Structure formats: structure tokens, C-alpha cells
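The values are calculated or read from the model by the stated rules, or taken from the named source; none is laboratory data. Quick caveat: nothing in here was measured; it's all calculated off a predicted structure. Neighbour counts run over all protein chains shown; Cβ positions are idealised from the backbone, glycine included. Just the protein is used for accessible areas: all its heavy atoms, side chains included, with ligands, DNA and RNA removed. Shrake-Rupley method; radii C 1.70, N 1.55, O 1.52, S 1.80 Å.
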Amino acid sequence: MTNQFQQDNLIGQSNALLEVLEHISQVAPLSKPVLIIGERGTGKELIAERLHYLSKRWDQSFIKLNCSSLSENLLESELFGHDAGAFTGANKKHEGRFERADGGTLFLDELANTSGLIQEKLLRVIEYGEFERVGGSKTVQTDVRLICAANEDLPTLAEAGEFRADLLDRLAFDVITLPPLRHRSEDIMPLAEYFAVGMARQLKLELFEGFSSSAINQLMEYHWPGNIRELKNVVERSVYRNADTHAAIEQIIIDPFASPYRPTKRVKTKERQQTPSNDAKPTVADCSTEVSANNGPQTEASLSFPIDFKTHCEQGEVRILKQALEAGQFNQKKTAELLGLSYHQLRGILKKYNLLDK
């Protein structure tokens, strides 16, 4: 077994986690597609790795790709490869992820971000095990187990025509839905201790002194919107800040920006490279309001003029987007509904402000 699998940190004894692990052990030996659904930071990639290393393909390639990190053209080339001369700069043949994963497993994260063209080509690979490289005419055969992940409600997207229903049918041989950390409360402290010990080793501390009762209360009472990824950052930060005291951790530093000196006034920033055109998609909200805890508009304090109107409005939109994403538990479909936008309108605005991975 590889080191990658040995370092798996799917830690916990909650019923929710144990049910997921049992589900994995049942479906792993099959060469069928699997969908992994879960909020950001819940460990979807770890689940995909576990599926691979518990399968009959464990000694073959495990290839992964985040579909939201590339444009449609680059994603198509990265998945299916391209022949020499397919486009400007394509000087030689490039093998895509499907070719490189032949005999093994391909994990595609952020599947909901793929276009109709990519979804159509994925459907063909699943049905027939074949595809053509970009710019090529030769059919390439491949034997790949496909594991995909999303933090979106794909059936709802399919009903709205925003995701191919036939592709969803093929992919959803089985679906593993990961519980968020707030539904695994009994796993919070085992995970926190695991991350703390790891950080203590990085800092070359003789031992980890543990968490005080107040620190444990902080960890247990927080709702963890960023799930395990956020917990890891918080614990490692707290251990690092406590490294010189040689005592149990008393304070959990959840928000690294928290400070009495944090500036409250906005400063001018450079104009964004992506300047909205005259026919830009609808804006999220008027720049003079923000979303409050009860979802009502809250008027800003009086402004001190002169101001940079464009920058001020952009900052207001970003603030509202972040609040709406958190209110929608970072589910883009729910967030779009909260903001009165279509799914594609929201994604366009998130892309404009580089918030798609937030």
C-alpha cells in the first residue's frame, strides 16, 4: 500500500463517519462510477483516494483534476489531450488525464463547473470507453474508473437544465454524501488533537501540551462552515501561537484577522483587470446596502467624500457575495436563490471577483 493511503486522516468514530466508511468499503471493489457530494472542506479528495486504494486498481494510477481551475478549452485539452497543431502553441501531442489514468482511477472535483461540451464528451467516455483528442480524428480507447465530486445539488441542477441529466444518470451508480463537521461533533476533538500533534512535530516541540477546557469549549461550540479544512487551519494556528508557553492551549484563534487595530475604513484598490462591460450581468445588489443577519438590507454609515465609486460598489458586492455564500452554506444553487439570481448569473459574478473557490 502506498504512503499516500497510509497517511489517510479520515479520523473519527461518529456514526455519520462510520456509515460513510462502510459505504466506501462496499462500492470500492467495483469499477463503476461514483459521485461524492459534500460541502467544501469535508474531505472529498480523501474519500476518492480511499475508493481507489481499496479497489482492484490500487496499484495503477490515481489521477485527479479540479474542473473549476481551468477554462473550457484548457479543461477539454487537459482531460482528453490534443494532437500536434490542434491550436496555436500545440507543437506536439499531449496525453490528457484519461489516457494517463488508463487502467486506474480519474478523480474530477468541482464537476458542476463543467460546460455542456465537456459533459457531452464525459458521457461518451463513460458509455463507450473512447474519445478523440482535441484536433484529432483517431479514436482513443481507455479503461478508467471515474470518481467525481461536487458541492452542488446536482439533481436540482439537472432539473433546471443546468447539468446533463443523462450524464448524472451514468455517474450516479452510487453516491456518497459526506456529513459536514457540525454533524460529527464527537469527531471534532480527535481531529483537533491529530492536527495539533502534527503541528507540534513541525515546530519540533517536545510534546503537545493539550487543550484547556476553555479551548475545548471554543472548538466544540463553533459551527465550522469550512469543515475539516478550517479546523486544521485553526488548530495549527493556535498551536503555533502557543508554541513558546509550554502549557495547554487556552485560546483558539478562529479568526486570524481579529484585532482591535483592524482597519474599518476601506482603502482604494487598483482597478480590477476584469472591467465589467456595458452589457454585464446583473449586479448582486445596490452598493449602498449589505445583507444583515436577518436577511434584511442594512444601510451603511455616512460616506466621506470623495470616494472611488466603482471600487466602493465592487467592494460592496464582494461583501454581500461572501455573506450570501455563508448563509447558503457555500452551495451556489442556494446562494443564487438567496440573491434572486439564476445559477449562471451567480457563477458569472463569482468568477468576476475570483470567488469560485471560496
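Of the trypsin sites (Lys or Arg not before Pro) found in the stretch 209-269, those in coil by DSSP whose Cβ has at most 16 other Cβ atoms within 10 Å are LYS265, ARG266, LYS268.
Hey, can you rank 100-110, 251-261 by average C-beta count inside 10 Å, highest first?
So the peptides 100-110, 251-261, ranked by packing, come out 100-110, 251-261.
Pairs of Lys residues in the stretch 21-130, spaced 8 or more positions apart or belonging to different chains, with C-alpha separations under 27 angstrom: 14 in total.
Evaluating 6.51 cos²θ - 1.76 cosθ + 1.60 at θ = phi - 60° for every residue in the stretch 129-139, the Karplus couplings come out as x, 8, 6, 10, 5, 4, x, x, 10, 7, 7 Hz, glycine and proline recorded as x.
With θ taken as phi - 60° and the Karplus curve 6.51 cos²θ - 1.76 cosθ + 1.60 applied, the whole-hertz 3J(HN,Hα) list for the stretch 229-238 is 4, 5, 4, 4, 4, 5, 5, 4, 5, 5 Hz, x standing for glycine and proline. Extent along the principal axes, Cα only, for the stretch 61-148: 31, 25, 22 Å, with the longest axis given first. Put simply, when 198-205, 169-176, 42-49 are sorted by average Cβ atoms within 10 angstrom per residue, most first, you get 42-49, 169-176, 198-205.
Packing-based ranking of 325-333, 305-313, 73-81, 216-224 yields 73-81, 325-333, 216-224, 305-313, ordered from highest to lowest mean Cβ neighbour count within 10 Å.
Residue by residue, the stretch 175-190 carries 3J(HN,Hα) couplings of 10, 10, 9, 8, x, x, 4, 5, 9, 10, 4, 6, 9, 4, 6, x Hz when phi is fed to the Karplus relation 6.51 cos²θ - 1.76 cosθ + 1.60 (θ = phi - 60°); x denotes Gly or Pro.
What fraction of the Cα pairs in the stretch 106-258, stated in percent, has a spacing above 20 angstrom? List each step's numbers first, then the result.
On the way: 7221 of 11628 pairs.
So the portion of pairs separated by more than 20 Å is 62 percent.
Overall, the accessible surface of the stretch 125-183 at a probe of 1.4 angstrom is composed of carbon and sulfur to the extent of 45 percent.
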